[in-house]
Amino acid sequence: MRQGEAVNRHADPAAWWKAVYSDVPLTTQWDDGDHSGDRRGTTPTSSNSPPTMVFSMLAALDVDGAGRVLEIGTGTGWNAALLSHRLGAGNVVTAEVDEETAAEARRRLGRAGFRPTSVVGDGAKGHPEGAPFDRVIATCSVGEVPYAWVAQSRPGGVIVAPWGPGYGGEAVVRLTVGDDGMASGRFVGSSAFMRLRRQRAFRPGSLEYLSGPWPADGAESSTSLSPEELGGWPAMFAIGVQVPGAFPRIERYADGSYTLWLHDTAVTSWATADWEPGRGSYEVVQSGPRRLWGEVEAAWSWWDDRGRPGFERFGLTVSPDGHSVWLDSPDHPVPLRD
């Protein structure tokens, strides 16, 4: 099933084959399996990634000469089949949180002649019984790399995972595990994956932040920074790293204008910026102990002052105490604004 339409292999095999061989994501589950039928559900919760994304991540994983591999997120089983073909199924462990999805993947893999170790459970825990691993690859995104993945990797091992802050923006990071129990490496390309189930976030609606009729208790001001400048994936990534615990929403209007809402996850602060075509100044309203527009504007300016770096200039270091995002080298951590 693709995002917009159902494709049934038996009812329309030609359309099914066309979809499977297209370089697009194919949604295979909605709403954690609670949805059924031909119409799309509310939230896609499992999918088959575009071939170009699958192959680029496997290239970053660099399994030539590698031994054992742990995959987080079995999904359809296609990626596990590719790993099994290259390394032998006995060297592949694939973990899937959804029992039905895992069972269907096992059936597909078996029909293809592959029987990797299939684990049903929380991928954030890895698979300590099969450790140590030479490679770990995640087919779901994370905002924090579970340290279990590092601890279960051999020194010199490689971890490839989509990583992104809660604000938005995401890229695939390639980490190398050191003898000191830390893992560090650069981001290698843009991505957009479903979140690891344990790390999904609840996003309150905008009205839950208001204390009364508009503009509630908000302080009004203006800015020359267009909300349009904040919408690109690298910009959102750079903002999100600096402004933790915040996320945006867009409220669009019939005339093409829109309001950018900024919220904090603690439900204490909010801000809005109104965009209209042809304007050079934009109305801002802020409320709460955090001045979210000020934080976001400062974060964007930091990114802009450094030449608007793309993902390839950013890197990530993971330790038992947490993680740190850096620009160009680990000696230059990205600042925090909260």
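Computed from the coordinates by the stated procedures, all read-outs in this text should not be read as laboratory data. Computed from a predicted model, the values in this text were never measured in an experiment. Note: ideal-geometry Cβ built from the backbone for every residue, glycine included; neighbour counts use all protein chains shown.
What residue among Pro213, Ser226, Trp275 has its Cα farthest toward the positive end of the dipole of the stretch 206-305, where the charges are +1 on Lys, Arg and -1 on Asp, Glu, each on the Cβ?
Pro213
Along the positive direction of the dipole of the chain (beta-carbon charges: Lys, Arg +1; Asp, Glu -1; about the Cα centre), which of Pro165, Gly121, Phe247 reaches farthest?
Result: Gly121, furthest along the dipole toward the positive end.
Could you work out which residue, out of Ala235, Ala11, Ala59, moves most in a Gaussian network model of the chain, that is, has the largest mean-square fluctuation with Cα springs under 10 Å?
Between Ala235, Ala11, Ala59, it is Ala11 that shows the largest mean-square fluctuation.
Which order do His323, His332, His263, His10 fall in if you start with the one that has the fewest other Cβ atoms within 10 Å? Before the final figure, lay out the partial values.
Numbers: His323 19, His332 12, His263 24, His10 6.
By the 10 Å Cβ count, ascending: His10, His332, His323, His263.
For the stretch 64-77, what does the Karplus curve 6.51 cos²θ - 1.76 cosθ + 1.60, with θ = phi - 60°, yield as ³J(HN,Hα) per residue in whole Hz, taken in order and with x for Gly and Pro?
After applying 6.51 cos²θ - 1.76 cosθ + 1.60, I find 4, x, 7, x, 8, 10, 10, 9, 9, x, 5, x, 6, x Hz.
Can you pull out the chymotrypsin sites (Phe, Trp or Tyr not before Pro) in the stretch 218-315 that DSSP calls coil and that have at most 13 other Cβ atoms within 10 Å? Can you show the working numbers first?
Working: sites: Phe237, Tyr253, Tyr258, Trp261, Trp270, Trp275, Tyr282, Trp293, Trp300, Trp302, Trp303, Phe311, Phe314; in loops: Tyr253.
Here the sparse-neighbourhood loop sites are Tyr253.
Calculate the dipole size of the stretch 49-207 relative to its Cα centre from +1 charges on Lys and Arg beta carbons and -1 charges on Asp and Glu beta carbons; express the result in debye to the nearest 20. Walk me through the numbers before you get to the answer.
On the way: 17 positive and 15 negative charges, 58 e Å.
In total the dipole reaches around 280 debye.
How much mean residue ellipticity at 222 nm does the chain get from its helices, if each DSSP H run of length 4 or more adds -39500 (n - 2.57) and you divide by all residues, to the nearest 500 deg cm²/dmol? Working shown, then result.
Details: 7 runs with 71 residues, N = 338.
Value at 222 nm, helices only, nearest 500: -6000 deg cm²/dmol.
Please give the contour-minus-distance gain from Thr52 to Arg306: 0.36 nm per residue of separation, less the Cα-Cα distance, rounded to one decimal in nm. It would help to have the intermediate numbers written out before the result.
Details: separation 254, 0.36 × 254 = 91.44 nm, distance 2.99 nm.
My answer for the length gained is 88.4 nm.
GNM on the chain, C-alpha springs below 10 Å: top fluctuator among Thr74, Thr223, Thr176?
Thr223
Within the set of other residues whose C-beta is less than 14 Å from the C-beta of Val158, count the net charge using Lys and Arg as +1 and Asp and Glu as -1.
Summing Lys/Arg as +1 and Asp/Glu as -1 gives +1.
Could you put Ser221, Ser190, Ser281 in order, starting from the residue whose Cβ has the fewest other Cβ atoms within 10 Å? If you can, show how the numbers build up before the last one.
Values: Ser221 15, Ser190 18, Ser281 10.
Ascending number of Cβ neighbours within 10 Å: Ser281, Ser221, Ser190.
Rounding to the nearest 20 debye, state how big the charge dipole of the stretch 257-328 is about its Cα centre with +1 on each Lys and Arg Cβ and -1 on each Asp and Glu Cβ.
Working: 6 positive and 11 negative charges, 1 e Å.
My answer is approximately 0 debye.
Work out, step by step, the length gained on full extension between Ala216 and Thr265: first 0.36 nm times the residue separation, then minus their alpha carbon distance; give nm to one decimal. Spell out each step's value before the answer.
On the way: separation 49, 0.36 × 49 = 17.64 nm, distance 1.91 nm.
Result for the pair: 15.7 nm of gain on full extension.
Could you derive backbone 3J(HN,Hα) for the stretch 207-220 from the dihedral phi with the Karplus parameters 6.51, -1.76 and 1.60 (θ = phi - 60°), listing whole Hz in sequence and x where the residue is Gly or Pro?
5, 5, 8, 8, 9, x, x, 4, x, 6, 9, x, 8, 9
Can you list residues from other chains, or at least 5 along the same chain, whose modelled amide H is less than 5 Å from the amide H of Gly157?
Val177
Just to be sure I understand: with springs between alpha-carbon atoms less than 10 Å apart, which residue in Gln199, Gln242, Gln286 has the highest mean-square fluctuation in the Gaussian network model of the chain?
Gln199
Step through the residues of the stretch 291-305 one at a time and calculate ³J(HN,Hα) from phi using the Karplus curve (6.51 cos²θ - 1.76 cosθ + 1.60, θ = phi - 60°), rounding each to whole Hz and writing x for Gly and Pro.
8, 5, 5, x, 5, 5, 5, 5, 5, 5, 4, 4, 5, 5, 4
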